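The block underneath contains the structure these notes are about, expressed in structure tokens.
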Amino acid sequence: MWITIPFILLFILYALLIFFYRKSWQQMPEVEVEERYLPQTSISVIIAARNEEKNIANCLFSILEQHYDPQLFEVIVVDDQSEDNTAAVVNRLCSIYSNLTCIHLKAEENTVAYKKKAITAGIKKAKGKLIVTTDADCIVPENWLKNIAAFYESKKAVFIAAPVVIAPGKGLVKLFQSLDFLSLQGITGASVFAQFHTMCNGANLAYEKKVFEEVNGFEGVDNIASGDDMLLMHKVFLKYPDKVHYLKSKAAIVQTAAVNNWTEFFNQRIRWASKAGKYNDKRIFGTLLLVYLFNFSFLIVFIIAFFAEGLFMYLISILLLKTLYELFFMIPVARFFDKEKLLWWFPLMQPLHILYTIVAGLLGSITTYTWKGRKVK
């Protein structure tokens with residue numbers, strides 16, 4: 001039947017993409033830092049926080065108790081007009097830790113890029129040479145800053161994307177998030193290492209303060225609500241294509257909290273999808289388009305299969321092949337993050353993942369979403 005021809009072509013392109021990501025991930029060396037290594041880089045950790053009263057203390061303890069000279073790093077929390085006791089919690093800790101500061105973001109009219117405003121405000125106050133960002137619901141390992149600094153110094157990098165993993169949790173929504181996030185992290189590392197396209201996560205990023213200023217920060221993308229990570233990364237990549245790196249180190253993996261329900265999950269993913277059309281990096285736009293069209297084709301073929309004999313078996317065959325190719329990629333990624341056990345659930349999640357990709361991708365371009373109590377277009 002004629003519908004099978006474009007479906008097969010999309011599958012072939014998708015399979016080649018998966019093989020490319022697998023090869024790049026495998027070729028990327030894992031970084032290990034010697035225990036006696038003493039970095040010299042001054043660091044400013046910036047955390048934009050809004051309504052994080054339940055998480056911010058644990059996040060800060062994990063950072064402030066780093067195995068890193070406290071004279072060489074500071075932590076700046078930018079309270080983004082929280083409606084709970086986030087600022088109060090941070091201020092109490094400021095009386096204990098001299099290298100912790102809390103500043104408050106003022107309300108501005110006609111602002112949509114709140115997190116970008118918060119990060120910019122923090123960077124203006126920063127004294128460190130290297131800016132490191134994470135989120136208020138994250139927990140970092142004890143040698144996090146040491147590994148970032150050592151990699152920065154050895155690679156002479158100006159921008160570093162680093163690994164993030166979903167914290168363990170029970171329930172279908174958290175299991176699904178963990179698997180989806182693993183695939184995104186694998187793609188992130190592989191694409192950055194191969195310089196195929198720019199991709200990162202703001203929960204674990206590092207970049208030079210002077211380079212942030214050289215590219216004029218978020219200027220030009222400050223009308224977009226999300227993208228404080230990837231849109232900035234691409235601006236830096238255009239200026240320093242050989243100095244943007246991915247830190248593949250288990251000692252640098254940041255753990256981020258999972259969302260609690262499907263409503264929060266789709267709001268998060270719609271927020272991520274909403275910036276897809278805003279990328280100046282046409283390579284990643286082309287990749288996202290291929291992935292979306294391939295998943296969308298499953299829905300088209302599924303509908304047509306009700307009217308065409310034998311098409312259901314054809315559809316199931318392609319779905320099984322898709323699952324096998326993706327597992328081929330996911331196994332080494334899951335091994336790096338010590339999440340191999342999750343892969344037993346991977347085949348069962350395929351129909352849900354296809355549906356979610358279609359829905360989130362569509363809604364991300366046409367609807368609003370709610371995040372941290374704010375409705376964003």
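Reducing region 76-95 and region 124-153 to their Cα centroids gives an inter-centroid distance of 19 Å. Under the simplified labelling scheme, the Ala308-Leu238 pair shows an inter-label distance of 4.2 nm, with each label point 7 Å from Cα along Cα→Cβ. In whole angstrom, how far apart do the alpha carbon centroids of region 1-49 and region 227-275 sit? Rounded to whole Å, the Cα centres lie 12 Å apart.
Would you mind calculating the gained length between Leu288 and Phe19 on full extension (0.36 nm times residue separation, minus the Cα-Cα distance), in nm to one decimal?
95.2 nm
So what's the angle, to the nearest 10 degrees on a 0 to 90 scale, between helix 282-304 and the longest Cα principal axis of the chain? The answer is roughly 40 degrees. Take the Cβ atoms of Leu324 and Phe61, set R0 to 45 Å, and the FRET efficiency comes out at 0.55. In this simple spin-label model, placing a label point 7 Å from the Cα along the Cα-to-Cβ direction at both Asp338 and Asn85 gives a separation of 3.3 nm.
Provide the packing ranking of 88-97, 201-210, 241-250, 29-38, i.e. peptides ordered by the mean count of other C-beta atoms within 10 Å per residue, highest first.
Top to bottom by mean Cβ count within 10 Å: 201-210, 241-250, 88-97, 29-38.
So what J values fall out for region 184-196 if you push phi through Karplus, 6.51 cos²θ - 1.76 cosθ + 1.60 with θ = phi - 60°, rounded to Hz, Gly and Pro as x? Result, ordered by residue: 5, 5, x, 5, 4, x, 5, 5, 5, 4, 7, 6, 7 Hz. With respect to the chain, whose longest principal axis is taken over its alpha-carbon atoms, helix 230-239 is tilted by about 80°. Would you mind estimating how fast the chain diffuses translationally, via Stokes-Einstein at 37 °C and 0.692 mPa s with the Kirkwood radius over Cα pairs, in µm²/s? In µm²/s, the coefficient is 152. Label-to-label distance, Trp262 versus Gln27, with points set 7 angstrom from Cα along the beta-carbon direction: 4.1 nm. Counted residue by residue at 0.36 nm each, then reduced by the alpha carbon distance between them, the extension gain from Lys106 to Arg92 reaches 3.0 nm. Computed on the chain, with alpha-carbon pairs under 8 angstrom and 6+ residues apart, the relative contact order is 21 percent. Exposure proxy shown here: for Trp262, Trp25, Trp344, Trp272, the number of other Cβ atoms within 10 Å sets the order, fewest to most, as Trp344, Trp262, Trp272, Trp25. With the cut-off at under 20 Å, measuring from each backbone N in region 1-35 to a point 7 Å along the Cα-to-Cβ line of Leu299 picks out 3-11, 14. Note on the chain: antiparallel DSSP beta bridges, both residues inside, total approximately 35 percent of the bridges counted.
All of the numbers you see were taken from the coordinates with simple rules; none came from a lab. Note that this is a predicted model, so its numbers are computed, not measured. Methodologically, a virtual Cβ is constructed for each residue, glycine included, from the backbone with ideal geometry; neighbour enumeration extends over all protein chains shown.
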